[in-house]
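Values in this text are rule-based calculations from the coordinates and carry no lab data. Source: prediction; values computed, not measured. Methodologically, a virtual Cβ is constructed for each residue, glycine included, from the backbone with ideal geometry; neighbour enumeration extends over all protein chains shown.
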Amino acid sequence: MLAVFHAEQNPATDVVGVEQRFTVPLIDQATGEVLDPETGRGAGPPRAGSRGHGRGRSETAARKYTDVQVETSLQLSIYSYAAEMGGLADQGDVRSRFHVLTKTKQPELHRYWISRDRAANVRLFRLASEVLHGVEAGVFPPVVG
């Protein structure tokens, strides 16, 4: 897997951060309502990428992602929002590339360009708000699987 990942890397890629802590306000872009700041850890807002070609995020997976998985990924929505709100990209102009290295007999590196718009940010806020209200109310539905 590492050999495939290394062979597929662009030497012009500047890695400017790995596993950085980040804090961004959760703001409903439709109403201006603000939730308490949420802190995340992970790749932080995506910060590795070729100059002028967006931000990147790398993951491993059992198989390549479907178009639906890429379009509906909550993780990618959060990173896109964090990159925008963290000042890493102009608002409304966040374009990221998601790299998925498959853990298969013949590993492959798949690249998916993603972008999220204002409507996606509004959906993200509403979901976060509902989850927060559920936690505050002590509602913890079981997750099957």
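Can you pull the one-decimal nm distance between simple spin-label points at Asp67 and Val131, each 7 Å off the Cα toward Cβ?
So the two model labels end up 2.7 nm from each other.
Taking amide hydrogens as modeled 1.01 Å from N in the peptide plane, which residues meet the under 5 Å criterion relative to Gln20, leaving out close sequence neighbours?
Placed amide hydrogens put Gly42, Gly44 under 5 Å from Gln20.
Collect residues whose amide H, placed 1.01 Å from N in the peptide plane, falls under 5 Å from the amide H of Leu101; neighbours closer than 5 in sequence don't count.
Glu59, Thr60, Ala61, His110
Which order results if Leu109, Leu127 are arranged by neighbouring Cβ count within 10 Å, fewest first?
Details: Leu109 17, Leu127 13.
Ranking Leu109, Leu127 by Cβ neighbours within 10 Å, fewest first, gives Leu127, Leu109.
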